[in-house]
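In what follows, a single structure is set out as structure tokens and then discussed.
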There are 2 protein chains.
Amino acid sequence: MSFNKPLIIDVHGHYTTAPKALENWRNQQIAALKQPASMPKVADLQISDDELRESIELNQLAKMKERGSDITIFSPRASFMAHHIGDFQVSSTWAAICNELCYRVSQLFPEHFIGAAMLPQSPGVDPKTCIPELEKCVKEYGFVGINLNPDPSGGHWTSPPLTDRHWYPIYEKMVEHDIPAMVHVSTSCNNCFHTTGAHYLNADTTAFMQCLQGDLFKDFPTLKFLIPHGGGAVPYHWGRFRGLAQEMKKPLLQEHLLNNIFFDTCVYHQPGIDLLTKVIPVDNILFASEMIGAVRGIDPETGHYYDDTKRYVLATPHLSEAQRYQVFEGNARRVFSRLDARLKAQGK
Amino acid sequence: MSFNKPLIIDVHGHYTTAPKALENWRNQQIAALKQPASMPKVADLQISDDELRESIELNQLAKMKERGSDITIFSPRASFMAHHIGDFQVSSTWAAICNELCYRVSQLFPEHFIGAAMLPQSPGVDPKTCIPELEKCVKEYGFVGINLNPDPSGGHWTSPPLTDRHWYPIYEKMVEHDIPAMVHVSTSCNNCFHTTGAHYLNADTTAFMQCLQGDLFKDFPTLKFLIPHGGGAVPYHWGRFRGLAQEMKKPLLQEHLLNNIFFDTCVYHQPGIDLLTKVIPVDNILFASEMIGAVRGIDPETGHYYDDTKRYVLATPHLSEAQRYQVFEGNARRVFSRLDARLKAQGK
């Protein structure tokens, strides 16, 4: 294994640039909640391969080539999951459509995209109802992970904590198939929380703290959670979390959580990545950009895209070359074992 | 003004060590919500000056002397505010009791403690009902700030964002008296959010993002918010917030928010303070420890208390001596103008 030219694996990308027909279909579906007779059929949504190709080639793939990243773990647009809308059937149909589009993208660009599934979660509905979609995505679509929404209510936080047995049916399947979950909320429908500026980061912090309070990984020693957006507030407050664990008589965080919890690098400035790589053990950091996502502009302080996180990872003084290989490639292959298998099958 | 030996002003301390009688009284009050006949009277709570003195001398004051800090802006225990319990009358009685105790502490130790008020907030109740307590604390007790809870529901976030006119009656009084508000939630009664490990940090991030989305400081150019716990996730994600502001066509954060928003130094490890002081302009950073608070232990990695934040501020490479003076003293005197007046009256 050479460290000289790692594969650059971006573990956090969403299909934010899907053809407009997708959003139109969703809007019809939402409108039909009040007028069931107008519910659109799945077959009404027609998106050609050419349209898919163009939506990717002009956007994500163009930027991947510009920035020099090779593979993106690609899931449906997070803010569009909107699990709070409608009932399980609504979520189920919507998840199936969105996952299938990501699958088609992964077939059109097998060297560059591999899928991760959104789940058809719905507030108050047993998570085990998500299992058929999960299994279809893993077995038929070759997806290598899932996105798990700890708050399908969209900012009202009405589900039990992630450590509750409520979620165990999902965890059992994750362990069975050896797929990690990125813990990722969707749009906030609570006016207090801006979706990408508050709700996402709060959810990251909340999920970590739920795990810290509990002992989930005693029940599931091989369960793996990826906490996106650099772990929310967690690395910045690492001392606080170490201290809280100590007061709760939990083991050191390394032992208590870091065999199971990983952080991505979606932190959009150099000092943030410097802190992340200083504080969090390198084994627990996976490269990601969430491109094209929440923050699309160019930073006037640097002249580069805020979400061009590869630059920050390359520039941080806290990683050796071997460690950079881990962040860009090695850790992703270890955490996403099915991605590793696929890459090996491709001779990578 | 000499920079050589600044006053060390800790802008964030709560009376977490009040005599047990206080908690007992509160428990009776809560129990009486179901049995109104057993509602305790205010006069039932008897705490002597000697008890107050001991609770401070053995705890906060002892640690202040050990660590070399001079003055603490002292407010009632944040997690005990519990604005979600009972109605306005319950909160009103409780706030009056808690504020009076902080006032008595400030009278017993006028060189070391000065008060900041908790407000008698209650979910769904107009914030203007808090004004009599606020004015009593400022005019009679000489308090220099308030703690404003953006979520009196305790983790259900049922109030409007801080930018909503709902809150304006409070802001008008803050401006009139030139007192800042520390934006500080209380106990979470939502099982998803650990109080000090998630809810506090989430609220900090949320409050900042609410202000970023809005234009509150156009209406109140002299309004001042202190965001505690180092600003939640904000400094770590400063690039994200700069980028979101840019996408929303807001001015640069310096102009949009940093004349009005300040961060404390309650970040319990060196890398966190290093990031804070690297990223946030020094004019916007105020020394604080929240001692004795959420994290009471000794960090095995350093041998010092996690919340001994003075050490981190002294050790960060990002502050000159003049800038350290600002963080320890100058900024607090500027933001808390009534504290400055008091100190001047004391010849400081």
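The values are calculated or read from the model by the stated rules, or taken from the named source; none is laboratory data. What you are looking at is a predicted structure, and each value in this text was computed from that prediction instead of being measured. Here the Cβ is made from the backbone with ideal geometry for all residues, glycine too, and neighbour counts use every protein chain on show. The protein model used for the area step is the full one, side chains on, heavy atoms only, and it has no ligands, DNA or RNA in it. Shrake-Rupley method; radii C 1.70, N 1.55, O 1.52, S 1.80 Å.
Things to note:
- Test set (1) open to solvent by 10 Å² or more (accessible area, probe 1.4 Å); (2) over 30 Å from residue A:311 (Cα atoms) - residue A:66 fails condition number: (2)
- Residue match in segment A:155-162 (condition: surrounded by 18 or more Cβ atoms within 10 Å (Cβ to Cβ), in contact (Cβ under 8 Å) with a residue 24 or more places away in the chain, more than 30 Å from residue B:243 (Cα to Cα) and not hydroxyl-bearing (Ser, Thr, Tyr)): yes
Yes/no per residue for (1) of a type in the set (Ser, Thr, Tyr); (2) surrounded by fewer than 16 Cβ atoms within 10 Å (Cβ to Cβ):
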position	(1), (2)
A:164	no, yes
A:167	no, no
A:181	no, no
A:185	no, no
A:188	yes, no
A:214	no, no
A:224	no, no
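- Filter pass, residue A:230 being small (Gly, Ala, Ser) and without any contact (Cβ under 8 Å) to a residue 24 or more places away in the chain: no
- Meets criteria (out of contact with any Phe, Trp or Tyr (no Cβ under 7 Å at 6 or more places or on another chain), modelled with pLDDT of 95 or more, closer than 26 Å to residue B:59 by Cβ and surrounded by fewer than 20 Cβ atoms within 10 Å (Cβ to Cβ)) for residue B:135: no
- Criterion (at the interface with another protein chain (Cβ under 10 Å from one of its Cβ atoms), closer than 28 Å to residue B:145 by Cα and not in a loop (DSSP other than H, G, I, E, B)) met by exactly one of B:241, B:262: B:241
- Check on residue B:246, within 12 Å of chain A (Cβ to nearest Cβ) and in contact with a Gly (Cβ under 6 Å, 6 or more places away or on another chain): yes
- Enumeration of residues in segment B:71-90 that are in contact (Cβ under 8 Å) with a residue 60 or more places away in the chain and either part of a helix (DSSP H, G or I) or crowded, with 24+ Cβ neighbours inside 10 Å (or both): B:71, B:72, B:73, B:74, B:75, B:76, B:78, B:79, B:80, B:81, B:83, B:90
- Filter result (more than 9 Å from chain A (Cβ to nearest Cβ) and in a loop (DSSP other than H, G, I, E, B)) within segment B:197-233: B:214, B:215, B:220, B:221, B:222, B:223, B:224, B:228
- In segment A:246-265, residue least open to solvent (accessible area, probe 1.4 Å) [restricted to those that are free of Cβ contacts under 8 Å to residues at least 24 places away in the same chain and within 19 Å of residue A:233 (Cβ to Cβ)]: A:246
- Of all the residues in segment B:173-201, those that are among the acidic types (Asp, Glu) and touching a residue at least 12 places away in the same chain (Cβ under 8 Å) number 1.
- The set of residues from segment B:26-40 being in a helix (DSSP H, G or I) and either open to solvent by 50 Å² or more (accessible area, probe 1.4 Å) or in contact with a His (Cβ under 9 Å, 6 or more places away or on another chain) (or both) comprises B:27, B:28, B:30, B:31, B:36, B:37, B:38.
- So residue B:138, is it aliphatic (A, V, I, L, M), in contact (Cβ under 8 Å) with a residue 60 or more places away in the chain and assigned to a loop (DSSP other than H, G, I, E, B): no
Table: residues versus (1) charged (D, E, K, R); (2) within 29 Å of residue B:334 (Cβ to Cβ); (3) under 25 Å from the mean Cα position of the chain (by Cα).
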{"position": "B:7", "(1), (2), (3)": "no, yes, yes"}
{"position": "B:10", "(1), (2), (3)": "yes, yes, yes"}
{"position": "B:13", "(1), (2), (3)": "no, yes, yes"}
{"position": "B:28", "(1), (2), (3)": "no, no, no"}
{"position": "B:37", "(1), (2), (3)": "no, no, no"}
{"position": "B:55", "(1), (2), (3)": "no, no, yes"}
{"position": "B:75", "(1), (2), (3)": "no, yes, yes"}
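- Once segment A:274-321 is narrowed to residues that are more than 9 Å from chain B (Cβ to nearest Cβ), within 23 Å of the chain's Cα centre (by Cα) and β-branched (Val, Ile, Thr), the residue that is farthest from residue B:271 (Cα to Cα) is A:292.
- Among (1) in contact (Cβ under 8 Å) with a residue 12 or more places away in the chain; (2) open to solvent by 10 Å² or more (accessible area, probe 1.4 Å), the one test that residue A:43 misses: (1)
- Residues of segment A:302-348 classified as in a loop (DSSP other than H, G, I, E, B) and over 15 Å from residue B:237 (Cα atoms), total: 12
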